[in-house]
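> Structure incoming, see below.
The values are calculated or read from the model by the stated rules, or taken from the named source; none is laboratory data. Because the structure is predicted, anything quoted here is derived from the model rather than measured. Every residue, glycine among them, receives a Cβ derived from its backbone with ideal geometry; neighbour counts consider all protein chains shown.
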Amino acid sequence: MKIKKNKVQILLDKNNDWMVKYFNDFKLSKDLNKKFDLNISYEIEKEKIDLLFILGFTKKIKLEKLKNCKNKFIIHESDLPKGRGFSPVKNQILKKNYKIKCCLIECVDKIDGGDIYEYDYLVVGKNDLYDDIRLKQFKISVKLIEKLLKKYPKIKGKKQIGKPTYYKRFNEKSDEINISKNISSLFNLLRSTDYTKHQNYFFMNGKKYFIRISKEKI
């Protein structure tokens, strides 16, 4: 007899280049593929969804648009309830926190305020640059999703405990480099900036210059 699969959707922001790049060819493991029917897309499906994972969005999605989704989740990279809000990975690297807690949480109306269902850690190595960090972030996202799917339907979240704090959104000024500082003190800023969209820059002799770093391939 054919087993009815639970429907799973990974909803991506099509403007989030690195997320789209890594999830483009993603497939569930063989064991999970037997239980779940996975769809990766940029639009919310109209039919009933058992589990929805919303990844890479910087704008809030109205819950009324997700009425057909039984279980809704997002991933946020901070030790919640501390560090809700924008760009949690970059914010923590700039604060020299290189072991970043990543939480799979319920998608609720309050920003990053949902119950925590799974968590793991993103460890930023001393030589990791932007692409290395994003690849690790992708792998952690996959790990959290698959951990939850392996437990489904016996899943249960835990309330966030403590007083929330919030990260502010970065702007263009945030990417400006103070050229009076040495490279060592600027390293975390340079390696945490999305160079594909927001290059670091500095001014000299009345001109604006852009800068990014790369490393030798071994």
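> Go through region 85-115 residue by residue and tally those that are aliphatic (A, V, I, L, M) and surrounded by 17 or more Cβ atoms within 10 Å (Cβ to Cβ).
Here the count works out to 5.
> Residues to consider are Asp25, Asp79, Asp50; find the one that is free of Cβ contacts under 8 Å to residues at least 40 places away in the same chain, within 22 Å of Ile155 (Cβ to Cβ) and either touching a strand residue (DSSP E or B) at 6+ places or on another chain (Cβ under 7 Å) or not in a strand (DSSP E or B) (or both).
From the options Asp25, Asp79, Asp50, the qualifying one is Asp79.
> Among (1) within 26 Å of Phe53 (Cβ to Cβ); (2) in contact with a Leu (Cβ under 7 Å, 6 or more places away or on another chain), there is one condition Ile177 misses while meeting the rest; what is its number?
(1)
> Can you name every residue in region 58-70 that is closer than 18 Å to Ile145 by Cα and at pLDDT below 90?
Hits for region 58-70: nothing passes.
> Kindly indicate whether any position in region 38-45 is in contact with a Cys (Cβ under 9 Å, 6 or more places away or on another chain), modelled with pLDDT under 95, part of a helix (DSSP H, G or I) and assigned by TED's automatic domain parsing to the domain that holds Ile116.
Within region 38-45, not a single residue is in contact with a Cys (Cβ under 9 Å, 6 or more places away or on another chain), modelled with pLDDT under 95, part of a helix (DSSP H, G or I) and assigned by TED's automatic domain parsing to the domain that holds Ile116.
> Pick out, from region 100-218, the strands (runs of 3 or more DSSP E) lying fully within it that include 3 or more residues that are at pLDDT 95 or above and touching a Cys at 6+ places or on another chain (Cβ under 6 Å).
Filter on region 100-218 gives 116-123.
> Further, regarding this structure: Do you know which of the residues in region 80-122 that are aliphatic (A, V, I, L, M) and closer than 22 Å to Ile61 by Cα is nearest to the chain's Cα centre (by Cα)?
For region 80-122, the residue satisfying everything is Val89.
> Could you figure out which of (1) exposed (fewer than 13 other Cβ atoms within 10 Å of the Cβ); (2) within 20 Å of the chain's Cα centre (by Cα) isn't true of Leu129?
Result: Leu129 fails condition (1) only.
Each row is one residue, and each column tells you yes or no for (1) farther than 30 Å from Glu106 by Cα; (2) in the same structural domain as Val123 (by TED's automatic domain parsing); (3) touching a Leu at 6+ places or on another chain (Cβ under 9 Å).
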site: Phe138; (1), (2), (3): no, yes, no
site: Lys143; (1), (2), (3): no, yes, no
site: Lys159; (1), (2), (3): no, no, no
site: Pro164; (1), (2), (3): no, no, yes
site: Ile183; (1), (2), (3): yes, no, yes
site: Tyr201; (1), (2), (3): yes, no, no
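> Considering only residues that are surrounded by 12 or more Cβ atoms within 10 Å (Cβ to Cβ) and either more than 16 Å from Arg212 (Cβ to Cβ) or of a type in the set (S, T, N, Q) (or both), which ones fall in region 172-189?
Ser174, Asn188 - these are the residues of region 172-189 that are surrounded by 12 or more Cβ atoms within 10 Å (Cβ to Cβ) and either more than 16 Å from Arg212 (Cβ to Cβ) or of a type in the set (S, T, N, Q) (or both).
> When you check Glu118 against the structure, is it surrounded by fewer than 17 Cβ atoms within 10 Å (Cβ to Cβ) and either of a type in the set (A, V, I, L, M, F, W, C) or not assigned by TED's automatic domain parsing to the domain that holds Asp194 (or both), yes or no?
Criteria not met by Glu118.
> Could you tell me which residue of region 76-89 is modelled with the lowest pLDDT, considering only residues that are on the phi < 0 side of the Ramachandran plot and touching a Phe, Trp or Tyr at 6+ places or on another chain (Cβ under 7 Å)?
Phe86
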